[in-house]
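Report on one structure; see the data block that follows.
The values are calculated or read from the model by the stated rules, or taken from the named source; none is laboratory data. Just so it is clear, the structure is predicted and the values come from calculations on it, not from any experiment. Cβ coordinates were reconstructed from backbone atoms using ideal geometry, including for glycine residues, and neighbour counts include every protein chain displayed.
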Amino acid sequence: MLTFILRRLLSAIPTLILVSLFVFTLQKLLPGDPVQAMAGEERDPAVMEYLREKYRLNDPVPLQYVHWVGNVLQGDFGTSLRTEQPVTTLLASKLPVTIELAVLALIIALVIGIPTGVISAVRKGTATDYAANVFALSGISIPHFWLGIVLIMIFAVKLQWLPASGFVPLGEDVGQNLKTLILPAFVLGAGLSGVLMRHTRSAMLEVLRADYVRTARAKGLFPRTVILKHALRNALMPIVTLTTLLFGELLGGAVLTEQVFSIPGFGKMIVDAVFNRDYAVVQGVVLCVAIGFLLLNLLADVLYRLINPRLRTA
Amino acid sequence: MKFAPLMTTALLLLAANSAFAETTLRIGIQDDPDVLDPHRSRTYSGRLVYTALCDKLVDVRPDLTYVPQLATAWNWSEDGKTLTMTLREGVTFHDGETFDAAAVKFNLDRARTLPDSLRKSELASVESIEVIDAKTVAIKVKQPDATLISQLSDRAGMMLAPKASATEVGSKPVCSGPYKFVQRVQQDRIVLERFDNYWNKQAYHFDKVIFLPIPDTSVRLANLRSGDLDIIERVAPTDVKTAKADSHVQVFSTPGLGYMQLMYNTSNGDKANNPLGKDKRVRKAFELAIDRDAINQVVFEGLYAPSAQPFPKNSPYYDKNLPIPPRDVEASKKLLAEAGVKTPVNVELKVANNPIAQQVGQIIQAMTEEAGFKVNLIATEYATLLNEQQAGNFQIGMSAWSGRPDPDGDIHQFVTCKGGQNDGHFCDPKLDELLNKARTVNDQAQRQSLYFEALRLLAEDVPTSYLYFDPRIIAMRSNLTGFVPNPDGLIRLNDVAFK
């Protein structure tokens, strides 16, 4: 197992290099000039020239890239052009927020998505199945910002149970922290639960038709044991892949949800950074997310082996 | 009976607690400010924070006249080349350093010389700063500059503590305002707390002031209505009805200083080679096809102020005799025929890619079509739009200006031949002469006549069509009292308190 993990980690290096190259060149192709965004309404040419020199924007692009990679390898992601804070500090302050929101959203999605998927597969063609499908479809198709604003109206403005938006760090007050995150986590989770439900349902339907399930039933096992132990465990394989992918996506920042609920996570940071052409921040976030994705892929592979013993010898 | 003493103690404790309860004011702002250094910052939301954090030499009143803040009095020398300011006594910075003439010199020099200072153009006329004594400073200018006081009423006149500012400012600004900096969490909050040694501390009633950036206007309002915020700024006109209907909320709307304009590319590169760029009659025809009032009613619920000049109505330089040209399609068609252009006249209109700007663009597109124009509307992301306009890659650019209390800042850089923001490269030496002179004249009546003359030239040549002024709409919980709105939209907290 350990050699497997090490091998996978090593193979991730070329991917990371490619990702960094892509991000670097792509954003140089963006129209608009970071210095112009920084120089504001006044647009003093002398100031703009000074800033270009200061942030090495006059250097040829390959040189800028080499310089950036060199710094990143030493743990320095550069400085935000807009606020002059070190990107590392920004990443360190946003990452826990985004991870917490992602974990909560994923828990909500799993708790709703997998059971409804199982139930609707088992009761295929019944009213329960249709109801679950309608729920899943609404989860997928209702826009996040709309659901977010409706929930704010109900729970914050009318009932006044929860704060309308904002964020309290976990370390400051656990109760308040959960109160600020429950609505955004629900908005994100509801959407994902629809996706999970649909996949669980189709995976379960396939497995339920398999011979070994028929055998298990023929042996006279309780239907519950057949469904949960024999069918679900085998149906989980594609769900694990999907879940890790969804989690990776959540790490990239839930742009709209974070915007609506004013959650200071990756999503909000990257949108601001792109609009202000804050190159260093964009690069830092994308690289961070790419690393997260690679680690999650690795995690998915490890989980496969745990769920499916046949893969362990491979 | 046994409970009686216990109850009394509990009640007493409760009472004591509420008497010492910390009062916190939470202000929802539209976006996260950039670097918190008055000399290098550019965002409007930054100015909102500075209003509580950093005092300026002078302040501006709702009627756009100037009043003392850190300078208690000032006067110009006979030749208009020396501004002598008397400074307030007993003022200290948040770190305890004393505010004096040397601090003023330090700050003005810093604003003038810091390589990435954005205040250089605002203080371009300043030649030197002399410390006369601890409480008197003399600012010498290269040529008479009527705009200087106005510049000192904003970021260029904000005072940082010299010792603390020798190193890092942006992440921990040390000023002398009523509230001092505590903490900033990027994109989340900026926390300030009461400064106990403030010279006018009896006028400030909150222990803590927290600024929370919330970009979505309806979410900002929802937070106010639910009581999670106490004040919000830049309320969307479409939200005003909802806000007014809520008994827990009060709304303040005041005409602002910022305007929207259509700038025509008259001679910046190849894109200027079209009937609109070359013939003022075609531009005039375009302007005549626009109904400013309809734009106001349709997009802004009638809350904006349609205008055909760059000065707001409450400015002494607003020309009452310069009417807003009413929409006249026939006259517009006639002008096009006179100019001998083939209709429809194809033109490109670039607007920012936000919903409001696009909506205004669409209305202009529909209105001008009736007169014989075919507008190709191009929505461009803001940073890109700036770039393209400067590079001359536009025919008409719709862009906003945040406005300045002094008229010079609203006109000179946009229409003078070498103006930094004159993206259309319009050039009329006669106009330059008027506007350059208006900069140097301190007498209001004399200045007025220069600006009125300039406005007349602009109306004649139409290098730009002014559309409207946006109001500054601020909403707050109804349990707050004492707020006085100002055209600059900044939230001054003096005498504001919970009922």
When the residues of region B:95-133 are narrowed to those that are of a type in the set (A, V, I, L, M) and over 20 Å from residue B:77 (Cα atoms), which ends up nearest to the chain's Cα centre (by Cα)? B:118
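A quick yes/no check of all residues on (1) over 21 Å from the mean Cα position of the chain (by Cα); (2) hydroxyl-bearing (Ser, Thr, Tyr); (3) not in a loop (DSSP other than H, G, I, E, B):
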{"site": "B:310", "(1), (2), (3)": "no, no, no"}
{"site": "B:313", "(1), (2), (3)": "no, no, no"}
{"site": "B:316", "(1), (2), (3)": "no, no, no"}
{"site": "B:327", "(1), (2), (3)": "yes, no, no"}
{"site": "B:330", "(1), (2), (3)": "yes, no, yes"}
{"site": "B:338", "(1), (2), (3)": "yes, no, yes"}
{"site": "B:356", "(1), (2), (3)": "no, no, yes"}
{"site": "B:374", "(1), (2), (3)": "yes, no, yes"}
{"site": "B:378", "(1), (2), (3)": "yes, no, yes"}
Is at least one residue of region B:249-257 over 19 Å from residue B:459 (Cβ atoms), touching a helix residue (DSSP H, G or I) at 6+ places or on another chain (Cβ under 8 Å) and polar (S, T, N, Q)? yes
Taking the options A:185, A:203, name whichever one is surrounded by 22 or more Cβ atoms within 10 Å (Cβ to Cβ), of a type in the set (Gly, Ala, Ser), modelled with pLDDT of 85 or more and under 18 Å from the mean Cα position of the chain (by Cα). A:185
Anything in region B:291-308 that is touching a residue at least 40 places away in the same chain (Cβ under 8 Å) and part of a loop (DSSP other than H, G, I, E, B)? List them, or say none. B:291, B:301, B:303, B:304, B:307, B:308
Just checking, how many residues over region B:166-205 are over 26 Å from residue A:271 (Cβ atoms), among the polar types (S, T, N, Q) and at pLDDT 90 or above? 4
Number of the condition not met by residue B:398 [criteria: (1) over 19 Å from residue B:148 (Cβ atoms); (2) at pLDDT 85 or above; (3) at the interface with another protein chain (Cβ under 10 Å from one of its Cβ atoms)]: (3)
If you check residue B:442 against the conditions, is it part of a loop (DSSP other than H, G, I, E, B) and over 30 Å from residue B:350 (Cα atoms)? yes
Selected residue (only one of A:23, A:97 is aliphatic (A, V, I, L, M), within 14 Å of chain B (Cβ to nearest Cβ) and crowded, with 18+ Cβ neighbours inside 10 Å): A:97
Kindly list, by first and then second residue, each pair from a residue in region B:104-133 that is within 12 Å of another protein chain (Cβ to nearest Cβ) and assigned to a strand (DSSP E or B) to a residue that is of a type in the set (Gly, Ala, Ser) and buried (at least 21 other Cβ atoms within 10 Å of the Cβ), limited to pairs with Cβ atoms under 9 Å and residues at least 6 apart or on different chains. none
Among (1) within 14 Å of chain B (Cβ to nearest Cβ); (2) touching a strand residue (DSSP E or B) at 6+ places or on another chain (Cβ under 8 Å), where does residue A:49 come up short? (2)
Which ones in region B:375-398 are among the small types (Gly, Ala, Ser) and either touching a Leu at 6+ places or on another chain (Cβ under 6 Å) or crowded, with 23+ Cβ neighbours inside 10 Å (or both)? B:397
Check residue B:427 against each of (1) in contact with a Cys (Cβ under 6 Å, 6 or more places away or on another chain); (2) part of a strand (DSSP E or B) and name the one condition it does not meet. (2)
State the number of residues belonging to region A:117-128 that are assigned to a helix (DSSP H, G or I) and in contact (Cβ under 8 Å) with a residue 40 or more places away in the chain. 5
List pairs: first residue in region A:258-276 and at the interface with another protein chain (Cβ under 9 Å from one of its Cβ atoms), second residue in a helix (DSSP H, G or I) and acidic (Asp, Glu) anywhere in the structure, Cβ distance under 6 angstrom, at least six positions apart or on different chains. A:265/A:258; A:268/A:258
Could you please give the count of residues in region B:231-273 that are of a type in the set (D, E, K, R), at negative phi, more than 13 Å from every other protein chain (Cβ to nearest Cβ) and not in a helix (DSSP H, G or I)? 1
Just give me the residues in region B:51-95 being over 22 Å from residue B:444 (Cα atoms) and in a loop (DSSP other than H, G, I, E, B), in sequence order. B:54, B:55, B:69, B:70, B:88, B:89, B:90, B:91, B:93, B:94, B:95
Among (1) surrounded by fewer than 17 Cβ atoms within 10 Å (Cβ to Cβ); (2) within 14 Å of chain A (Cβ to nearest Cβ); (3) not aromatic (Phe, Trp, Tyr), residue B:479 falls short only on (2)
Does residue B:412 satisfy the criteria of being on the phi > 0 side of the Ramachandran plot and buried (at least 16 other Cβ atoms within 10 Å of the Cβ)? no
Of the criteria (1) in contact with a Lys or Arg (Cβ under 7 Å, 6 or more places away or on another chain); (2) of a type in the set (A, V, I, L, M); (3) more than 15 Å from residue B:276 (Cβ to Cβ), which one residue B:371 fails: (3)
Within region A:151-179, of all residues that are outside any loop (DSSP other than H, G, I, E, B) and crowded, with 22+ Cβ neighbours inside 10 Å, the one farthest from the chain's Cα centre (by Cα) is A:156
All but one of (1) part of a loop (DSSP other than H, G, I, E, B); (2) more than 14 Å from every other protein chain (Cβ to nearest Cβ) hold for residue A:81; state the number of the condition that does not hold. (2)
